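Notes follow once the structure below has been shown.
The values are calculated or read from the model by the stated rules, or taken from the named source; none is laboratory data. The structure displayed is predicted, hence computed values, not measured ones. Because the Cβ atoms are built from the backbone with ideal geometry, glycine has one as well, and the counts that use them run over all protein chains shown. Side chains included, ligands, DNA and RNA excluded: accessible areas come from the protein's heavy atoms. Shrake-Rupley method; radii C 1.70, N 1.55, O 1.52, S 1.80 Å.
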Amino acid sequence: MRYPALKIDLAKLENNTRFLVEKCAHYGIGVSAVTKVFCGIPEAAEAMARGGAAYLADSRIENLMKMRNINLPKMLLRIPMLSQVDEVIDYADISLNSEHEVISALSNAAIKKGKTHDIILMVDLGDLREGVWADGAVEYAGRILEFNGIRLIGIGTNLTCYGAVIPKADNLSKLTDIADRIEQRFGIKLSIISGGNSSSLYLLEEGAMPKRINNLRLGESIVLGNETAHGNSIKGTFYDCFTFCAEIIELKEKQSVPIGEIGVDAFGNKPTYVDRGIRKRAILAAGRQDVRPDGLSPKDDAIIILGASSDHMIIDVTDSCRDYSIGDIVEFTLDYGALLLTSTSEYVEKVIK
């Protein structure tokens, strides 16, 4: 195996997907499994499909292209770029939209290709990322219905990702109210009311999810077993579907504080140090170009992560019961940000278990 490496446990990923799919199904909610944090690796996406996901969802066409042979509808999460409308029609069955100009371009592309493309209209309920304002959503839906080659199948919202606004019964009820008004105004039936992402899951436990919400776009809850409104672990899921592995390339006893005047590091930060005396320190062949160090947790809980440059990570192994040697592999679990960077790095080997 080449290092650094990201090990992917497909059985645990499938388990997490199935657990959440069944949990959501109890409330009449289907799951769009979000694949973007691991860059649409097909084997991982297939595990989500086996776990019962209704859709595979990603922000990037490049990732949807990787998954084109998986027999599930594909959802583009990020508002389409005008420069990619042809690819959107080719590789996404559904896209989330909020811009009339983009929808017009999608319409033209769909007509040229003899296809019908499904649209979910995004509504901004206060998180201030994508979406039309709630008070104009019904009229906006009417404008979408004027296009050929386009079918309005639902509305959705995004919360927590940018503005950290917590999903609540009151703000999600605004979404279902808008859906009701669109249906009454235009005599149509919306098949998808998408009530957000992993941050909305806690509402199921509280019995506070509005009844018309029938879709959630779940990423972190599947891949890391977390609900993201309050950062709690979800009982019944695994937190270690993904493991980051790095090799020790130097192992020496050194003092804890650098010698000489302290300036700024390679990233413009002025570091501070805790004087622990002489310690046994290991250097790993991985750095900030591979992973976000502050998003890692050593599986050996006696290890202390001291810091990292672009391609070296320094850890303190003094208190570990393991007698580490050059060439040994150190393993870590990851948070969402660390997993995102590691998945994206071309220098990290992706290993399917």
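Miscellaneous remarks
- Exclusive hit being farther than 26 Å from Ser95 by Cβ, open to solvent by 70 Å² or more (accessible area, probe 1.4 Å), among the charged types (D, E, K, R) and touching a strand residue (DSSP E or B) at 6+ places or on another chain (Cβ under 6 Å), set Glu205, Glu253: Glu253
- From Arg181, Arg129, Arg151, residue being part of a helix (DSSP H, G or I), open to solvent by 10 Å² or more (accessible area, probe 1.4 Å) and either in contact (Cβ under 8 Å) with a residue 12 or more places away in the chain or among the acidic types (Asp, Glu) (or both): Arg181
- Residues in segment 71-88 that are surrounded by 16 or more Cβ atoms within 10 Å (Cβ to Cβ) and not polar (S, T, N, Q): Leu72, Lys74, Met75, Leu76, Leu77, Ile79, Pro80, Val85, Asp86, Glu87, Val88.
- Contact map, segment 265-288: residues that are farther than 20 Å from Ala302 by Cα and modelled with pLDDT under 80 paired with residues that are assigned to a loop (DSSP other than H, G, I, E, B) and of a type in the set (Asp, Glu), Cβ distance under 8 Å, separation 6+ or inter-chain. Pairs shown: Pro271/Asp265.
- Segment 338-353, residues that are in a strand (DSSP E or B) and surrounded by fewer than 17 Cβ atoms within 10 Å (Cβ to Cβ): Glu349, Val351, Ile352
- Unique residue being open to solvent by less than 30 Å² (accessible area, probe 1.4 Å), hydrophobic (A, V, I, L, M, F, W, C) and in a strand (DSSP E or B) when the list is Ala286, Ala246: Ala246
- Check on Ser325, open to solvent by less than 80 Å² (accessible area, probe 1.4 Å), more than 30 Å from Gly51 (Cα to Cα) and polar (S, T, N, Q): yes
- Ser194 vs. criteria of a type in the set (Ser, Thr, Tyr) and touching a residue at least 40 places away in the same chain (Cβ under 8 Å): yes
- From the list Glu43, Glu22, the one residue that fits, being open to solvent by 50 Å² or more (accessible area, probe 1.4 Å), within 14 Å of Lys350 (Cβ to Cβ) and assigned to a helix (DSSP H, G or I), is Glu43.
- A search for C-beta distances below 6 Å between a residue of segment 310-337 that is part of a strand (DSSP E or B) and any residue that is aliphatic (A, V, I, L, M) and surrounded by fewer than 16 Cβ atoms within 10 Å (Cβ to Cβ), counting only pairs 6+ apart in sequence or on different chains, returns nothing.
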